[in-house]
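The values are calculated or read from the model by the stated rules, or taken from the named source; none is laboratory data. Computed from a predicted model, the values in this text were never measured in an experiment. Please note: Cβ atoms are built from the backbone with ideal geometry, for glycine as well, and neighbour counts cover all protein chains shown. Keep in mind that these areas ignore ligands, DNA and RNA; they rest on the heavy atoms of the full protein, side chains included. Shrake-Rupley method; radii C 1.70, N 1.55, O 1.52, S 1.80 Å.
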Amino acid sequence: MTRSPIVPAPREHAPSSGPDGLAHAPAGPGEGGLALAPPQDAGLPDHALPGEPLPARGTVVLSSVSSDSHTWNLAYLQLLLEELGWHVVNLGACTPDDIVIDACLRHQPDLLVISSVNGHGRIDGARLAAAVRRRPELHSVPAIIGGKLGLAGQLAPDQVHGLLEAGFHAVFQDGADMHLFTGYVAAIGASRRAVTP
């Protein structure tokens, strides 16, 4: 299966956090833009009738970070992603980095989603993303992180930049508009299907 990487915004410019909770970064010298902007038409239907299956978007490996024992966020995200047509492999809470990496190697997901609500997501997530990116087989797998990622509320721009530098393609902070998240994952699904034979 041919995979095309989701290209993040240039990392030489520190992102800032916007009112929507997303990380924003300049698109290039003299240009402004969203670091995480999906295409306008992400292939997400306006609604789905009960019992009407959505087109398969691909496989998501979903996990928390190793220090986070919360499961409600993972259950919510699994249901949401499944309703959007994704096959979800939910690794649960307190998942060690090597288990996440092994699951990604085994399932070759179209998307890795990390959710944390204990306030340690920035530290544990950066370590996990760096470990994932050290594996050549996983270099092009889009990875996103979201939730309560710091103990002191919203992350500072340099902290968000650190997560992007570690290997995440998108950062959704606590309070981010859920429609931006669903649009982003739908765009990834559409782009990954477009390059898969």
* Asked: Hey, if you put +1 on the Cβ of every Lys and Arg and -1 on every Asp and Glu Cβ in region 93-197, which of Thr182, Ser140, Val117 ends up farthest toward the positive end of that dipole?
  -> Ser140
* Structure fact -> Karplus-derived 3J(HN,Hα) from phi for region 153-159 (6.51 cos²θ - 1.76 cosθ + 1.60, θ = phi - 60°), whole Hz, x at Gly and Pro, runs x, 5, 6, 6, x, 5, 6
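Kindly rank 59-65, 113-119 from highest to lowest mean number of other beta carbons found within 10 Å of each residue. Before the final figure, lay out each step's value.
Working: 59-65: 25.4, 113-119: 23.1.
Descending mean neighbour count gives 59-65, 113-119.
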* Keeping every protein chain in place, order Trp86, Trp72 by accessible area at 1.4 Å, biggest value first, i.e. largest first. => Trp72, Trp86
* Asked: Using θ = phi - 60° and the Karplus form 6.51 cos²θ - 1.76 cosθ + 1.60, what ³J(HN,Hα) does each residue of region 112-126 get, whole Hz, x for Gly and Pro?
  -> 10, 10, 10, 10, 9, 10, 8, x, 10, x, 5, 6, 5, x, 4
* To do: Could you list which residues have their amide H under 5 Å from that of Phe172, counting only those 5 or more apart in sequence or on another chain, with H placed in the peptide plane?
  => Ile145, Gly146, Gly147
* Dipole moment magnitude, nearest 20 debye, region 47-167 about Cα centre, only Lys, Arg, Asp, Glu C-beta charged -> 200
* Pull up all non-local amide H partners of Trp86: gap of 5 or more, or a different chain, and H-to-H distance under 5 Å with H placed in the peptide plane. => Arg57
* Which net charge results for the neighbourhood of Leu91, defined as the other residues with beta-carbon distances under 12 angstrom from its beta-carbon, given Lys and Arg at +1 and Asp and Glu at -1? -> -3
* Which net charge results when you count Lys and Arg as +1 and Asp and Glu as -1 among the other residues whose beta-carbon is under 13 Å from that of Ser66? -> -3
